[in-house]
1. For the stretch 2-53, which whole percent of the accessible surface, found with a 1.4 angstrom probe, sits on carbon and sulfur atoms?
2. What length, rounded to one decimal in nm, is gained on full extension from Lys37 through to Glu15, with 0.36 nm per residue of separation minus their alpha-carbon distance?
3. Too long at a 19 Å Cα-Cα cut-off: which of Lys12/Lys37; Lys12/Lys49; Lys12/Lys41; Lys19/Lys49?
4. Which residues among the stretch 37-56 fall inside the zone where the amide N is under 12 Å from a point 7 Å beyond the Cα of Phe6, along Cα→Cβ?
5. Explain nothing, just compute: Karplus ³J(HN,Hα) = 6.51 cos²θ - 1.76 cosθ + 1.60, θ = phi - 60°, for every residue of the stretch 19-30 in order, whole Hz, x for Gly and Pro.
Amino acid sequence: MPGTIFYRERRKVGEGEKKPRFALVAVAGVDLKVFAKHVRKSELEQIAKSVGADLVFLERRTGPHGEEDEEIEV
C-alpha cells in the first residue's frame with residue numbers, strides 16, 4: 001500500500017502570486033521529513049513520485065452561509 005500525503009491550499013495566497021500556494025498537512029505510511037512550511041504543487045508531485053505516495057487535496061470547509069469555518073486547534 002502506498003503512502004499518502006495530505007495537503008491544502010493556503011488561505012492568504014491567491015492565484016498568480018509568486019509564492020507557494022500549498023501547505024503540507026499530514027503524511028501517512030511514508031517515512032518523510034519536511035522542512036518547508038509552504039510548497040508548490042509541482043514540488044508536492046515530485047516528492048510524492050519519488051517516495052511512491054498518493055497526494056490527497058483537503059477541501060476547505062465552509063459554514064452554512066458560505067463563509068469559512070474558524071480553524072479549530074487540536
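1. Working: 1810 of 3700 Å².
Answer for the stretch 2-53 is 49 percent, counting heavy atoms of protein chains only.
2. Details: separation 22, 0.36 × 22 = 7.92 nm, distance 1.81 nm.
Answer, rounded to one decimal: 6.1 nm.
3. Working: Lys12/Lys37 14 Å; Lys12/Lys49 27 Å; Lys12/Lys41 16 Å; Lys19/Lys49 22 Å.
Flagged as over cut-off: Lys12/Lys49; Lys19/Lys49.
4. Counting backbone N atoms under 12 Å from the label point, the list is 56.
5. Result, rounded to whole Hz: 10, x, 9, 10, 10, 6, 9, 7, 9, 10, x, 9.
The values are calculated or read from the model by the stated rules, or taken from the named source; none is laboratory data. Since we're looking at a predicted model, the values are computed, not measured. Every residue, glycine as well, gets a Cβ built from its backbone with ideal geometry; the counts of neighbours run over all protein chains shown. Side chains included, ligands, DNA and RNA excluded: accessible areas come from the protein's heavy atoms. Shrake-Rupley method; radii C 1.70, N 1.55, O 1.52, S 1.80 Å.
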